[in-house]
Amino acid sequence: PDVFVVSSSVSGHEGGDISVQCLYSSRYQNEVKRWCRYKDRSCYTVGRTDTSQNSSVQISDDERGNFTVLMTGLRLTDSGWYCCSVGEALNPVQLTVITSETDTEKD
């Protein structure tokens, strides 16, 4: 594949952070790297390398075939399917956000 994900499912704790490593073929070196949320058969961009970034999603690209997505301050609603995306290529990643142990008194 043109985009490859090191781990296709990741999990993190509420309020914590996760990072996802995405590999891409060299012909995409100068393309925009995107992190998208997959919903209703469409991918909605939540972070990309060419714009001022969403504070909770940071993408760093080493421009040698490897980019890393860092999501911070995870919320339970962040759980779901995401995609590493470059050009027309994308590869899905499932994110699971786990409730922090300290939140047991809430309900």
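No lab work stands behind these numbers, since they all come straight from the coordinates. These numbers were taken from a predicted model, which means no experiment stands behind them.
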Whole-Hz ³J(HN,Hα) from phi, Karplus 6.51 cos²θ - 1.76 cosθ + 1.60, for segment 55-72, glycine and proline x: 4, 8, 10, 10, 10, 10, 10, 7, 6, 10, x, 8, 10, 10, 9, 10, 10, 10
If you take every DSSP beta bridge whose two residues both sit in the chain, what share of them, in percent to the nearest 5, is antiparallel? 85 percent
Say we join alpha carbon atoms closer than 10 Å with springs in a Gaussian network model of the chain; which of Thr68, Thr77, Thr45 then has the biggest fluctuation? Thr77
How much length, in nm to one decimal, is gained on full extension between Ser25 and Ile98, taken as 0.36 nm per residue of separation minus their Cα-Cα distance? 23.0 nm
Which percent of the Cα-Cα distances in the chain go past 16 Å? 56 percent
Tell me which residues come under 5 Å, amide H to amide H, from Gly87 once H is placed; ignore anything under 5 positions away on its chain. Val32
Stretch gain in nm, segment Ser7-Val32, where the contour uses 0.36 nm per residue and the Cα spacing is subtracted: 6.9 nm
